[in-house]
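Report on the following structure.
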Amino acid sequence: VFDPVQPIRAVWKIAITSILIFLTFLIAVLVDNLDVVFGLTGSTGATLVKFIIPGWIYIMLHRQGVVSLTVAQQLPAYMLVVGGVLIGTASTFVIIYEAFAGSLEDDNFS
């Protein structure tokens, strides 16, 4: 699967794939509770699919000249992207906080 014309590109693909596999393994080994994994997946994936990607596509269509929009028509798309980033970040922090708070409480009562 190596492309002799672009060996650097193949090396980058292998490096990125290896890093993703290692991070997945690390999470699987370190996390005892699947609620944390599912929560993080939902907080990142859902906000990307529901808010950030649709708004970003709309903005990119305007920038590439596919659609012509006024500033007032672009505002909802920017609000979707910014709101999605804020919601995703906040929900990720809440899930991580609850995971650590729950593990600290378990340690105190054992």
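The values are calculated or read from the model by the stated rules, or taken from the named source; none is laboratory data. For clarity, every value in this text was computed on a predicted model and none was experimentally measured. Here Cβ is always computed from backbone atoms with ideal geometry, including for glycine, and neighbour counts include all displayed protein chains. Remember, those area values only see protein heavy atoms, side chains included, never the ligands or the DNA or RNA. Shrake-Rupley method; radii C 1.70, N 1.55, O 1.52, S 1.80 Å.
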Exercise. Ordered by residue, what ³J(HN,Hα) values in Hz, to whole numbers, does segment 38-43 give under the Karplus form 6.51 cos²θ - 1.76 cosθ + 1.60, where θ = phi - 60° and Gly and Pro are x?
Worked result: 5, x, 5, 4, x, 5
For this session: Evaluate the distance, in nm, between pseudo-label points positioned 7 Å from the Cα of ARG9 and of MET60 along their respective Cα→Cβ axes.
Result: 1.8 nm
For this session: Starting from the Cα-Cα distance between LYS50 and PHE25, subtract it from 0.36 nm times their residue separation and give me the gain in nm to one decimal.
Result: 6.2 nm
Exercise. Taking a 1.4 Å probe, which of MET79, MET60 shows the most accessible area, and what order do the others take after it?
Worked result: MET79, MET60
Exercise. Using a probe of 1.4 angstrom, how much of the accessible area of the chain is carbon and sulfur, in percent?
Worked result: 74 percent
Problem set entry | Over the chain: helical MRE at 222 nm, DSSP H runs n ≥ 4 each giving -39500 (n - 2.57), nearest 500 | -28000 deg cm²/dmol
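Kindly give the semi-axes, whole Å and largest first, of the ellipsoid equivalent to the chain, taking each as the square root of 5 times a Cα gyration tensor eigenvalue. Walk me through the numbers before you get to the answer.
Details: eigenvalues 238, 153, 12 Å².
That gives 35, 28, 8 Å for the three semi-axes.
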